[in-house]
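The values are calculated or read from the model by the stated rules, or taken from the named source; none is laboratory data. No experiment lies behind these values; they were computed from the predicted model shown. Heads up, the Cβs are rebuilt from the backbone with ideal geometry, glycines too, and the neighbour counts pull from every protein chain shown. Side chains are part of the model used for accessible areas, which takes the heavy atoms of the whole protein and leaves out ligands, DNA and RNA. Shrake-Rupley method; radii C 1.70, N 1.55, O 1.52, S 1.80 Å.
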Amino acid sequence: MLLPVRGLPAAPHRPLTHPHSSPAPPPSLLGARRRRPSRRLSKVVSYYGLTTPPYKTDALEPYMSRRAVELHWGKHQQEYVDGLNRQLAISPLYGHTLEDLIKEAYNNGNPLPEYNDAAEVWNHHFFWESMQPEGGGSPEAGVLQQIEKDFGSFFNFREEFMRSALSLLGSGWVWLVLKRSERKLEVVHTRNAINPLAFGDIPIISLDLWEHAYYLDYKDDRRTYVSNFLDHLVSWHTVTLRMMRAEAFVNLGEPTIPVA
Amino acid sequence: VFLFLRQVSVPSHFRSFYSWAVPGRPPAQSARSGSIIYQPHRTSPRHLDPPFPFPKPSPHTPNTLSMALRTLAAKKTLGLALGGARPPAAARGVATFTLPDLPYDYGALEPAVSGEIMRLHHQKHHATYVANYNKALEQLDAAVSKGDASAVVHLQSAIKFNGGGHVNHSIFWKNLKPISEGGGEAPHGKLGWAIDEDFGSIEKLIKKMNAEGAALQGSGWVWLALDKEAKRLSVETTPNQDPLVTKGSNLHPLLGIDVWEHAYYLQYKNVRPDYLTNIWKVVNWKYAGEEYEKVLA
């Protein structure tokens, strides 16, 4: 989904090893002249750029002020992008797509130094696209059916989302995810930068619960922030598209057994 | 009768906690902005209220009825009168915590930390930790007396978080001091010597604490800790509201710096390093030095 901004030929998969510990290249034959690659070509590198939210920075007013969006997107997310690029310049993880990078760098719960920035870049991009001006309300058709199936009712889903968001102690994110193996939607929260991709879940909605996401507009009132997100900002349109994509990986339908 | 009892048993600061929502009973803010006096009979137009009418839970709010009932409960007459019904936690004397006063005005730390930040931080954040800590302790007491083991375990995270929030902030307020009263003055005496010995110089210590604070992911605290056994100073960080004691029972906090975003966001926005640089101008080294000498005495 997120690709490096400048064209990078598909990078060969490099095993996750430290550059210094990688096996030495095979020794060249004595006297054989090694073709030196062109310096200019060998310098092609590509890094991540700051993606733009799919609306103007003041489009979410009054529920998320322009000032808050500009700081959050233009400063915080930019810092994560810069931090990630700084690390990739010297990292053996260079060349992965962002999603692969997050999974690799999570390292089964012992995150590598690249993890934090990589996950935050992804999380914020996903967060901006989880919202739209005039959002909120309730989903329709298939998404609503799936929510009613997995939570009992849309009201229950809303309660669960609020409960999960308010019970997160400290900074983090609350997510609506599609569990691959259980084949159902679930609300989870994660600490700091942790991203459910690493657990094999398919994220559907994300909401930033770091204080920087709501402090300028709501101060310490996380409850109003979360309820405004659900009532006025969340984009069920995006959710529908994400669910459609997720269905390529998870069979949500009832098995229909043809009668002979 | 039980319902009635429950009502009275709510600690007095809970009532003042919610009272701002009652129309016509706004809390008054005294000239010294650090203390808010609850005046139930004052009626004033809404626009004269302080912008965040969140009265400080005051332990001094007199409530004769509940006090009388508590006295009765203490004498166990009430329990007997109810035919053995268990009096609620507060009546049985479960310790409740109250929000401590700030030893200076909200605006006194400007320009290092703005008055608005201090007010929100004290009246909203710290007050919420205290309220939720008391609530969790009451639930814990109920769970213990019911013998509900899983509920007891479940309450641990709330107790650690809210209790830690109360402990940490109570230290944090004492760690700060207005410049006019000697804030930021480098430590003298034994602590000064110990810092030179363990870190090289005070500048190196500050640099180390700033670096660790800036590198801390998410919310948390950075501490100057004293190891009581080894008699050595160290720099520690704790995530979220974990108090320093979670890093080792030997560690005593001399100085804690809040690096939650709520501690600086309104003023410094995303630039945590600037906040960390400026906070040293209002650090109360005298308090840290006294703690150091007290612990090692």
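A few remarks follow.
- Sparsely packed GluC sites (Glu not before Pro) within the stretch B:180-264, loop by DSSP, other Cβ within 10 Å at most 10: B:Glu229
- Annotation for the stretch A:140-249: chymotrypsin sites (Phe, Trp or Tyr not before Pro) lying in DSSP loop with at most 13 further Cβ atoms inside 10 Å of their Cβ are A:Phe249.
- Modelled spin-label separation between B:Asp101 and A:Glu247, with each label point placed 7 Å from Cα along the Cα-to-Cβ direction: 6.6 nm.
- Gap separating the Cα centres of the stretch B:232-286 and the stretch B:110-142, nearest whole Å: 16
- FRET efficiency for the pair A:Ser167 and A:Val259, taken as 1/(1 + (r/R0)^6) with r the Cβ-Cβ distance and R0 = 45 Å, rounds to 0.45.
- Accessible surface buried at the B:A interface totals approximately 1800 Å², computed with a 1.4 Å probe on protein heavy atoms.
- Just the protein heavy atoms count here, and of the accessible area of the stretch A:94-222 at 1.4 Å, carbon and sulfur take up 44 percent.
- Accessible surface ranking that places the most exposed of A:Arg180, A:Arg163, B:Arg119 first, with a 1.4 angstrom probe: A:Arg163, A:Arg180, B:Arg119
- Across all directions, the shadow cast by the convex hull of the stretch B:214-260 built on its C-alpha atoms averages 2.9 square nanometres.
- The spacing between the stretch A:87-111 and the stretch B:199-215, judged by their C-alpha centroids, is 30 Å.
- Rg(Cα) / (2.2 N^0.38 Å) computed for the stretch A:66-252, rounded to two decimals: 1.02
- P(r) histogram, all alpha-carbon pairs of the stretch B:90-204 included - 5 Å bins from 0, percent: 2, 10, 16, 14, 13, 12, 11, 9, 7, 5, 1
- Loop-resident sites, the stretch A:70-116, for chymotrypsin sites (Phe, Trp or Tyr not before Pro), counting at most 11 other Cβ within 10 Å (DSSP): none
- Taking 29 Å as the straight-line reach from the Cα of B:Lys207, the lysines in range (excluding those fewer than 8 positions away in the same chain) are A:Lys75, B:Lys174, B:Lys177, B:Lys190, B:Lys228, B:Lys231, B:Lys247, B:Lys269, B:Lys281, B:Lys286, B:Lys294.
- Contact residues in the stretch A:199-219 by the 20 Å² criterion (accessible area, 1.4 Å probe, full protein complex versus chain alone): A:Trp210, A:Glu211, A:His212, A:Tyr215, A:Leu216, A:Lys219.
- Calculated diffusion of the stretch B:179-296, Stokes-Einstein form, Kirkwood radius summed over Cα pairs, 4 °C and 1.567 mPa s, µm²/s: 89
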